[in-house]
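Asks: Submitted below is the structure of interest, expressed as structure tokens.
Values quoted throughout were computed directly from the atomic coordinates according to the rules given, and no laboratory measurement underlies them. In this text the structure is predicted, and so the values were computed from the model without any measurement. Backbone-built Cβ (ideal geometry, glycine too); neighbour counts: all protein chains shown.
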Amino acid sequence: MTAPTVERVLHGVGVGRRGVVGPVAQVQPAPHVPADAPLLVDGVEADVETRREVVDRAFTDVAEGLRDQSSRATGTVRDVLAATAQMADDKALRSQVLAKIGAGEPVVSAVDGVVEMFATMFQQAGGYLAERVTDLRSVRDRVVARALGLPAPGVPELHRPSVVVAKDLAPADTAALDLANVLAIVTELGGPTGHTAIIAGQLGLPCVVRVAGATALVDGTEVAVDAAAGTVTTDPDEAQRADLDRRAGVEQALAADTAPGGTADGRRVQLLANIGTAEDAERVATGAVEGVGLFRTEVLFLERTTAPTEEDQAAVYARALAALGDRKVVVRTLDAGADKPLAFATQPDEENPALGVRGYRLVRTHPELLETQLAALGRAQSQAEAAPWVMAPMIATAAEARDFAARARAHGIAKVGVMIEVPAAALRAGEILAEVDFVSLGTNDLAQYAMATDRLRGELADLLDPWQPAVLDLVDATARAGIQAHKPVGVCGESASDPVLALVLVGLGVTSLSMSAGAVPAVRYALRHHTAAQCQTMAAAALAAGSAVAARGAVVGLLVPEVRATLGL
Amino acid sequence: MVQRTVVVASRVGLHARPAMLFTQAVAASGVPVTIARPGGEPVDAGSILFVMSLGVPHGEEVTLAAEGDGAEAALDDLVALLATDLDAEDAPASPGGAS
């Protein structure tokens with residue numbers, strides 16, 4: 001194999017530990033063309049009549065293509081595509097565009113003008129309609145690309161299991177993905193804690209983000225995606241395929257253990273899943289998780305221009321609770337702000353949003369958001385006859401914890417907790433635990449605030465490492481407070497999904513671990529092969545280390561050999 | 001010119017699926033029809049984009065208008081459609097034509 005290739009191995013940041021081989025399917029970006037771009041036929045600018053014909057046909061082709069794609073899809077994907085197809089077929093949209101072109105306007109400018117007129121009308125109507133503007137713009141992108149002979153933008157229709165490659169994936173793109181045919185996700189942008197990575201983790205898909213050069217991969221090329229190594233390899237050789245096969249075999253073997261989580265000597269540790277939607281709840285309910293340790297409710301609020309009503313929210317919460325039956329479900333109230341801005345709540349003038357009015361702090365500016373959400377949770381609890389645990393994000397003081405607990409209990413919530421993600425709260429965890437029934441450590445934000453490192457800066461990833469001894473000190477302080485108060489202390493950051501770090505967390509006194517569902521089997525396996533005393537020894541070794549790398553090295557050295565071999569450490 | 005006024009029965013208003021079923025029925029009738037909110041400008045009832053952008057909520061009146069052959073019959077059918085809850089599970093899947 002000496003064919004000249006560009007970069008055979010591309011590097012990025014892996015999410016999870018899985019690997020897979022499959023053909024590339026590129027997500028095409030929206031066409032960026034000037035408003036007066038010429039429409040060329042056989043290399044020369046077409047006359048007005050030809051331009052009208054080409055654009056007319058582009059509308060017809062786009063609508064037909066979307067209808068076709070919709071008829072082969074299922075569920076949400078089918079509905080999204082059918083609605084978009086009908087917009088592309090709209091006769092008023094088409095006749096107005098054709099009239100402008102007939103009057104001599106360049107094609108891109110004509111399409112943009114009419115689409116923007118409808119977009120403005122939709123935005124003024126607000127609510128549901130404002131959210132449909134994305135679909136309108138996607139019609140615009142498709143028609144312009146079709147008319148100018150450019151590749152069709154957006155998520156491609158997957159005819160076979162494929163590796164989806166994109167510059168970045170917006171939530172709307174993910175909604176249009178036929179997940180049954182997605183083997184792995186590779187993006188040029190994004191970070192290991194971003195939207196794409198979280199979705200991939202929930203689906204158990206191998207994912208590598210921040211892969212420079214990924215969008216230059218040719219459609220259909222076979223690539224090996226290795227999340228553990230953070231690599232994307234073109235035309236993988238036999239040895240690499242065999243290695244990925246062996247690892248897939250290990251994953252399957254690990255998944256065969258579905259008993260509740262616990263140490264070798266029988267100390268119980270609940271293994272829970274992180275979810276974002278009621279559909280996720282239904283998906284994880286079919287697996288061997290003991291419940292949900294983090295239900296991120298902001299997914300309900302994102303990309304909306306107005307807050308969802310109490311009724312709308314209650315329906316979603318009730319559906320998630322019903323899916324999980326008797327199993328524990330921890331719901332986190334709205335964590336908006338910083339990297340998750342909301343049109344109706346975010347302060348436009350914040351220079352430092354990660355330190356601004358976000359999470360629970362929104363009660364200062366928008367108390368009605370929290371009240372409505374707690375009322376919806378109270379209502380869902382009666383509808384589903386299942387009692388959620390409810391916790392608030394971004395609590396810094398015991399007084400805030402007390403206020404939140406009073407609000408939640410007023411709506412009939414029995415188990416009230418708070419997130420520990422601000423270092424101040426970790427240092428004073430004892431006082432906070434006196435106000436609530438449980439706490440849950442968000443290690444991603446805890447590391448961001450303890451290390452003064454923006455979570456979205458990929459180049460600072462080493463400082464954000466949850467193995468940083470200072471971050472482990474804060475986990476230790478919180479876990480000690482929990483032991484003293486006889487109250488549960490969970491971890492719901494991504495650090496819980498690292499089977500080695502999970503042993504340290506349990507050794508420190510953490511009582512439950514919540515992670516992407518796909519990470520549970522390896523964590524369950526690692527726990528099952530070590531006693532509580534061994535976990536404590538590992539925790540002490542990690543705390544005694546001088547750096548993140550030394551801490552991890554020391555703990556890996558203490559693993560029983562069988563676990564080290566199976567996990568490939 | 002024939003005009004009819006009807007209260008929109010769909011719980012979600014004239015949005016989403018109800019708007020889709022309504023505009024499909026207008027197209028199937030073969031008659032140019034306009035739709036207007038009380039005191040508002042009439043717009044093309046066959047355009048889902050125009051119909052949706054009216055933002056008609058549940059329980060509000062709309063006025064349909066059409067002219068020429070078949071206008072009466074077409075409006076009668078469309079009025080009957082709007083007076084049905086089109087968001088209900090058992091609503092007609094493809095209105096406006098015998099199959």
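Asks: Taking the C-alpha atoms of the range A:1-113, how large are the radius of gyration and the largest Cα-Cα span, Dmax, in Å?
Replies: Calculated on Cα positions, Rg and Dmax stand at 20.1, 58 Å.
Asks: Let me ask something else. For the protein assembly as shown, what is the number of Lys pairs with C-alpha distance below 20 angstrom, counting only pairs 8 or more positions apart or on separate chains? Working shown, then result.
Replies: Working: A:Lys91/A:Lys100; A:Lys167/A:Lys340; A:Lys328/A:Lys415; A:Lys328/A:Lys487; A:Lys415/A:Lys487.
The number of close lysine pairs in the protein assembly as shown is 5.
Asks: Could you calculate, for the range A:77-233, the ratio of the Cα radius of gyration to the Kirkwood radius, expressed as Rg to Rh?
Replies: Dividing the radius of gyration by the Kirkwood radius yields 1.04.
Asks: Here is a further query. Under unit Cβ charges (Lys, Arg +1; Asp, Glu -1), what dipole magnitude, rounded to 20 debye, does the range B:2-74 have relative to its Cα centre? Intermediate values should be presented prior to the final figure.
Replies: Working: 4 positive and 7 negative charges, 70 e Å.
Computed about the Cα centre, the dipole is about 340 debye.
Asks: Hey, if you put +1 on the Cβ of every Lys and Arg and -1 on every Asp and Glu Cβ in the range A:388-479, which of A:Gly412, A:Ala477, A:Ala450 ends up farthest toward the positive end of that dipole?
Replies: In the range A:388-479, that residue is A:Gly412.
Asks: Binning at 10 angstrom from zero up to the longest distance, how are the C-alpha pair distances of the range A:233-283 distributed in percent?
Replies: 19, 26, 30, 22, 3
Asks: Shielding by partners for A:88-97, please: the mean number of other protein chain Cβ atoms within 10 Å of each residue's Cβ.
Replies: Values: counts 0, 5, 9, 8, 9, 4, 1, 2, 2, 0.
Counting other chains' Cβ atoms within 10 Å and averaging over A:88-97 gives 4.
Asks: Using label points projected 7 Å from each Cα along Cα→Cβ, tell me how many nm separate A:Arg480 and B:Glu72, to one decimal.
Replies: Those two pseudo-labels are separated by 9.0 nm.
Asks: Starting from the exponent 0.38 and prefactor 2.2 Å, build the expected Rg for the range A:233-359 from its residue count and divide its actual Cα Rg by it.
Replies: 1.45
Asks: Run the paramagnetic zone check for A:Glu45: 7 angstrom along Cα to Cβ, then residues of the range A:102-118 with backbone nitrogen under 17 Å.
Replies: Within reach of a label on A:Glu45: A:102-111.
Asks: Here's another thing I want to ask about it. Per q in 0.20, 0.27 1/Å, what log10 I(q)/I(0) does a Debye calculation on the alpha-carbon atoms of the range A:305-374 return?
Replies: -0.87, -1.22
Asks: Add +1 for every Lys or Arg and -1 for every Asp or Glu among the other residues with Cβ under 12 Å from the Cβ of A:Thr187, and state the total.
Replies: Counting the neighbours of A:Thr187, the net charge comes to -1.
Asks: Moving on to the next point. Report, in deg cm²/dmol and to the nearest 500, the calculated mean residue ellipticity at 222 nm for chain A, where each DSSP H run with n ≥ 4 adds -39500 (n - 2.57) and the sum is divided by the residue count.
Replies: -14000 deg cm²/dmol
Asks: For peptide B:48-60, how many partner chain Cβ atoms fall within 10 Å of a residue's Cβ, on average? Don't skip to the answer; put the middle values down first.
Replies: Working: counts 8, 17, 6, 2, 10, 11, 3, 8, 1, 1, 0, 0, 0.
Taking all residues of B:48-60 together, the mean is 5.
Asks: I've got another one for you. If one takes the longest principal axis of the Cα atoms in chain A, at what angle in degrees, from 0 to 90 and to the nearest 10, does the Cα axis of helix A:398-410 lie?
Replies: For A:398-410 against chain A, the angle is about 70 degrees.
Asks: So, counting K/R as plus one and D/E as minus one, what does the shell of residues with Cβ under 15 Å around A:Arg428 add up to?
Replies: -3
Asks: Dipole magnitude of the range A:1-147 about its Cα centre, charges +1 at Lys/Arg Cβ and -1 at Asp/Glu Cβ only, in debye to the nearest 20? If you can, show how the numbers build up before the last one.
Replies: On the way: 17 positive and 20 negative charges, 155 e Å.
Computed charge dipole of the range A:1-147: roughly 740 debye.
Asks: May I ask for the Kirkwood hydrodynamic radius of the range B:1-89, worked out over all distinct Cα pairs and given in angstroms to one decimal?
Replies: Kirkwood hydrodynamic radius for the range B:1-89: 12.5 Å.
Asks: Something else now. State the answer as a single residue: which of A:Leu158, A:Ala30, A:Ser138 lies farthest towards the positive end of the charge dipole of chain A, with beta carbon charges of +1 for Lys and Arg and -1 for Asp and Glu, about the Cα centre.
Replies: After comparing all options, I get A:Leu158.
Asks: Another one. Using the count of nearby Cβ atoms within 10 Å as a rough guide to exposure, how do A:Met87, B:Met1, A:Met451, B:Met52 rank from fewest to most?
Replies: Least to most surrounded, the residues fall as B:Met1, A:Met451, A:Met87, B:Met52.
Asks: In the P(r) worked out for the range A:484-546, what percent of Cα pairs fall beyond 12 Å?
Replies: In whole percent, the share of Cα-Cα pairs in the range A:484-546 beyond 12 Å is 65.
Asks: Just the number, please: Stokes-Einstein D of the range A:326-441 in µm²/s, Kirkwood Rh from C-alpha pairs, 37 °C, 0.692 mPa s.
Replies: 227
Asks: Next up: Given N residues in the range B:20-66, what is Rg(Cα) / (2.2 N^0.38 Å)?
Replies: The value comes to 1.05.
Asks: In whole Hz and in residue order, list the ³J(HN,Hα) couplings for the range B:45-61 that follow from phi through the Karplus curve 6.51 cos²θ - 1.76 cosθ + 1.60, θ = phi - 60°; x for Gly and Pro.
Replies: 6, x, 9, 5, 5, 5, 4, 5, 6, 5, x, 6, x, 4, x, 9, 7
Asks: OK, next. Using +1 at the C-beta of Lys and Arg and -1 at the C-beta of Asp and Glu, which of A:Val15, A:Val55, A:Leu39 has the Cα lying farthest in the positive direction of the dipole of the range A:5-80?
Replies: Of the listed residues, the answer is A:Val15.
Asks: Separate question: May I ask for the angle, rounded to the nearest 10°, between helix A:107-125 and the longest principal axis of chain A, with both axes built from Cα atoms and the value confined to 0 to 90°?
Replies: Taking Cα atoms only, the helix is inclined about 50 degrees.
Asks: Further, regarding this structure: I want to verify the translational diffusion coefficient of the range A:275-323 in µm²/s; compute it with Stokes-Einstein, Rh as the Kirkwood radius over Cα pairs, at 10 °C and 1.306 mPa s.
Replies: Using the Kirkwood radius from Cα pairs, D works out to 139 µm²/s.
Asks: Could you calculate the FRET efficiency of B:Ala80 with A:Glu53 from 1/(1 + (r/R0)^6), where r is the beta carbon distance between them and R0 is 35 Å, rounded to 0.05?
Replies: Working: r = 39 Å, r/R0 = 1.11.
Step by step, r from the Cβ atoms, then E = 0.35.
Asks: Assign unit charges at the C-beta atoms only (+1 for Lys and Arg, -1 for Asp and Glu), then state the dipole size of the range A:89-157 relative to its Cα centre in Debye, rounded to the nearest 20.
Replies: Numbers: 8 positive and 9 negative charges, 29 e Å.
That gives the range A:89-157 a dipole magnitude of about 140 debye.
Asks: I've got another one for you. Sort A:26-35, A:535-544 by the packing proxy (mean of other Cβ within 10 Å over each peptide's residues), most packed first.
Replies: Working: A:26-35: 15.7, A:535-544: 19.7.
Ranked from most to least packed, the peptides come out as A:535-544, A:26-35.
Asks: Based on the Kirkwood radius over alpha-carbon pairs, what value in µm²/s does the Stokes-Einstein equation return for the translational diffusion coefficient of chain A at 25 °C and 0.890 mPa s? Don't skip to the end; give the middle numbers.
Replies: Numbers: Rh = 25.5 Å.
The calculation lands on 96 µm²/s.
Asks: Where the Cα atoms of the range A:184-256 are projected onto their three principal axes, how long is each span, largest first, in whole Å?
Replies: 34, 28, 19
Asks: Compute the angle between helix A:133-148 and the longest alpha-carbon principal axis of chain A, please, reported from 0 to 90 degrees and rounded to the nearest 10.
Replies: Approximately 50 degrees, to the nearest 10.
Asks: For the range A:131-216, which trypsin sites (Lys or Arg not before Pro) are in a loop by DSSP, counting at most 14 other Cβ atoms within 10 Å?
Replies: Answer by residue number: A:Lys167.
Asks: Okay, moving on. Quick check: residue separation of A:Ala434 and A:Gln123 times 0.36 nm, minus the Cα distance between them. What number comes out in nm?
Replies: Once the chain is fully extended between A:Ala434 and A:Gln123, it gains 107.3 nm.
Asks: Work out how much length A:Leu179 to A:Ala399 would gain on full extension: take 0.36 nm times their residue separation and subtract the Cα-Cα distance, in nm to one decimal.
Replies: Result for the pair: 74.8 nm of gain on full extension.
Asks: So, counting K/R as plus one and D/E as minus one, what does the shell of residues with Cβ under 13 Å around A:Leu472 add up to?
Replies: Working: positive: A:Arg480, A:Arg552; negative: A:Asp465, A:Asp473, A:Asp476, A:Asp498.
Result for the neighbourhood of A:Leu472: -2.
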